[in-house]
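Participant: Shown below is the structure under consideration.
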Amino acid sequence: MKELVLVLAVWPLFSSLQLLKKVASNRCSNNSYVINVMLMNYSDFPLSTDSLKLAVKQALERVQKEFQMTGENVTVDAIFHPFTSSFYVSQACRTSTCEGVELIKTIYDSGTLGCAVIGPACTYATYQMVSLETILSLPLISVGSFGLSCDYKENLTRLLTPARKLNQFFYHFWRHSELPFKTTTWESVYIYKRTETSEACLWYMNALDAGITEFSEKLKFKDILRTPELLKKTVKNPNRKSNVIIMCGSPEDISSDLGTEKVDNDIVIILIDLFNNVYFKKNISADYMRNVLVLTLPPANYSYNTVIRDYIEMEDNILMEDDFLAGYFNAVLLFGYSVKKFVISQSPMSPFNLIHEFRNTTFEGVVGPVTLDEFGDIDTNLTVLYTSQAANYFKPLLYFNTQSNDTCEATNSPDFIWKNHKLPSDTPGTGPHILTIAVFTLTGIVILVLIISLLILRKYRRDNERRWKKWSHIPPEEILPLETSETSYVSLKIDEDKRRDTTQRLRQGKYDKKVVILKDLKNSDGNFSEKQKIELNKLLQIDYYNLTKFYGTVKIDTMIFGVIEYCERGSLR
């Protein structure tokens with residue numbers, strides 16, 4: 001539905017435009033190949049159109065020299081198309097509407113459409129163009145277009161790191177728990193979204209805020225901070241929900257938004273600042289950056305074994321001080337590299353074939369190899385830097401390869417500001433001491449289980465001993481006669497109403513100063529069976545106030561008696 005509305009909105013711009021099934025034959029064949037360069041001068045990007053033109057021309061000269069070296073009579077050229085419409089007056093990417101669509105119509109109407117287009121860097125403008133896939137089938141190369149809405153577009157190639165690649169880094173970095181300096185997984189984060197921000201930062205932070213990404217789906221807590229006041233409150237709030245804050249900007253932005261606010265020791269701020277080479281100058285660091293990890297891209301000619309130069313000097317004195325400038329240079333080199341493959345192999349060039357060449361490929365860029373993935377997005381080695389406490393400048397902590405999603409630590413023992421030179425837990429009030437608590441808890445559980453097991457074993461052994469030991473009678477001398485003149489017999493009448501005599505005469509005596517009854521057990525030798533010994537042991541263990549107590553057995557003369565407590569109570573009736 002969204003794409004339908006977009007098509008209807010821009011359809012008047014294509015009233016005179018036929019479906020582009022193939023590129024203009026006169027500008028993309030017969031050894032003459034043209035690339036269209038759209039120059040949309042937005043305030044979001046610091047470069048002037050003159051700088052971009054100069055970079056493109058220098059890149060064309062390099063491509064032309066390579067063809068001359070192969071002996072091929074091929075011309076590769078560029079046509080620049082500055083956007084000068086009076087109808088669209090926006091000067092920023094976020095307020096653009098259909099500038100890119102109108103400009104491509106202007107290019108078509110002028111008859112100057114070539115093999116491919118270096119399109120706008122703004123996500124909004126690019127999305128409008130690539131969403132009309134049935135209308136625009138030309139390969140579109142963008143030095144920007146960072147947003148998730150431009151992911152996986154069939155004819156789009158992006159030469160600066162898109163937000164999708166950054167999300168992959170954060171997903172894997174949060175899960176790491178076996179790095180020398182990160183021993184716990186992270187499951188929470190604060191996203192600090194500044195109001196004044198660059199085009200790249202806008203889309204990087206929007207991607208982290210999006211709930212549909214793999215990074216966000218794995219989090220247990222995520223909250224958005226939108227003002228410097230909220231940021232200041234969070235970094236010193238003991239009741240905060242996370243120790244980790246992600247923001248995009250520069251060191252100056254941190255200084256401006258935090259000011260002199262004291263930051264808790266467990267706070268980790270991850271600053272996204274990909275296109276800034278300032279961190280590789282050894283005199284750059286400040287106290288407010290000690291709690292900060294910087295996610296950036298190393299300068300193309302930077303070596304961790306050499307000192308970085310301030311800029312890259314090209315053969316024709318172009319100073320490549322900006323990644324966007326290098327991106328336009330690389331866009332032309334990619335085009336030339338692909339055209340060269342078609343010319344040498346004598347294969348026909350079509351928009352589909354050219355788009356295919358812009359995927360899963362590696363070509364020589366302005367200062368080194370450039371790799372594009374299966375969706376035409378650039379793969380890079382992201383670098384995480386930290387402030388060295390000893391040297392007081394930034395050092396590399398780890399590298400992340402966006403092609404393989406592999407993490408490689410640059411050091412095993414960084415001199416962090418954080419405790420034990422390890423990154424803290426993302427949850428306040430927790431950290432490495434959790435492991436100690438867990439060990440003690442587990443030890444306590446093991447000890448408790450052992451005690452219970454020993455008690456059970458002891459009871460089992462006692463019961464087993466009682467079961468197998470030989471039954472011992474009470475010595476007869478311990479059964480004493482009563483201290484009265486009465487006979488040592490007691491009469492138990494079962495039923496006085498019966499005519500027949502049912503009176504039983506039982507012996508009576510004293511045992512352990514208690515009156516007891518001696519009941520004949522009809523056992524002449526006293527050698528009880530195993531079953532009888534178990535039952536007698538059970539009787540010995542019964543001690544209840546409402547039951548007569550069984551004390552054991554006694555052998556008097558040749559008879560065996562049970563020694564039972566005497567109770568002066570009435571009949572059962």
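Participant: Mind listing whichever residues of region 355-370 are surrounded by 14 or more Cβ atoms within 10 Å (Cβ to Cβ) and either among the small types (Gly, Ala, Ser) or more than 37 Å from the chain's Cα centre (by Cα) (or both)?
Facilitator: Gly365
Participant: Determine whether Leu230 is open to solvent by 50 Å² or more (accessible area, probe 1.4 Å) and not polar (S, T, N, Q).
Facilitator: Working: open to solvent by 50 Å² or more (accessible area, probe 1.4 Å): yes; not polar (S, T, N, Q): yes.
For Leu230, the condition - open to solvent by 50 Å² or more (accessible area, probe 1.4 Å) and not polar (S, T, N, Q) - is met.
Participant: For the structure I just gave you, tell me whether Thr70 is over 43 Å from the mean Cα position of the chain (by Cα) and modelled with pLDDT under 80.
Facilitator: Numbers: over 43 Å from the mean Cα position of the chain (by Cα): yes; modelled with pLDDT under 80: no.
So Thr70 does not fit the description; no.
Participant: Across region 233-260, which residue is most open to solvent (accessible area, probe 1.4 Å) among those that are in a loop (DSSP other than H, G, I, E, B) and under 18 Å from Trp186 (Cβ atoms)? Lay out the reasoning, then the answer.
Facilitator: So the first thing to find is which residues in region 233-260 are in a loop (DSSP other than H, G, I, E, B), and the list is 236-243, 249-250, 259-260.
Filter again for under 18 Å from Trp186 (Cβ atoms), leaving 240-243.
Details: Arg240: 21, Lys241: 122, Ser242: 1, Asn243: 1 Å².
Applying the filter and picking the extreme gives Lys241.
Participant: Follow-up. So for region 47-58 (the condition being closer than 27 Å to Pro348 by Cβ and at pLDDT 70 or above), does at least one residue qualify? Full working, then the answer.
Facilitator: Filtering region 47-58 down to residues closer than 27 Å to Pro348 by Cβ leaves 56.
Next cut, at pLDDT 70 or above only: 56.
Checked region 47-58: at least one residue is closer than 27 Å to Pro348 by Cβ and at pLDDT 70 or above.
Participant: Looking only at region 464-472, decide whether some residue is at pLDDT 75 or above, touching a Phe, Trp or Tyr at 6+ places or on another chain (Cβ under 9 Å) and not aliphatic (A, V, I, L, M).
Facilitator: Kept after step one, since they are at pLDDT 75 or above, are these residues of region 464-472: none.
So far as region 464-472 goes, no, none of its residues is at pLDDT 75 or above, touching a Phe, Trp or Tyr at 6+ places or on another chain (Cβ under 9 Å) and not aliphatic (A, V, I, L, M).
Participant: In region 202-213, how many residues are of a type outside the set (A, V, I, L, M) and at pLDDT below 90?
Facilitator: Within region 202-213, residues that are of a type outside the set (A, V, I, L, M) and at pLDDT below 90 number 2.
Participant: Ok, one more. Under 6 Å between Cβ atoms, at least 6 apart or on separate chains: pull out the pairs that start in region 378-397 with a residue that is farther than 12 Å from Tyr279 by Cα and end on any residue that is hydroxyl-bearing (Ser, Thr, Tyr) and outside any loop (DSSP other than H, G, I, E, B).
Facilitator: That search, which allows pairs on different chains as well, returns Asp379/Thr371; Asn381/Tyr399; Leu397/Tyr386.
Participant: Please go through region 378-406 and pick out each residue that is open to solvent by 40 Å² or more (accessible area, probe 1.4 Å) and either assigned by the TED database to the domain that holds Phe358 or closer than 21 Å to Thr161 by Cβ (or both).
Facilitator: Residues satisfying the conditions are Asn381, Tyr399, Asn401, Gln403, Ser404, Asn405, Asp406.
Participant: Any residue in region 535-553 that is at pLDDT below 80 and charged (D, E, K, R)?
Facilitator: no
The values are calculated or read from the model by the stated rules, or taken from the named source; none is laboratory data. Just so you know, these numbers come straight off a predicted model, no measurement behind them. Note: ideal-geometry Cβ built from the backbone for every residue, glycine included; neighbour counts use all protein chains shown. Keep in mind that these areas ignore ligands, DNA and RNA; they rest on the heavy atoms of the full protein, side chains included. Shrake-Rupley method; radii C 1.70, N 1.55, O 1.52, S 1.80 Å.
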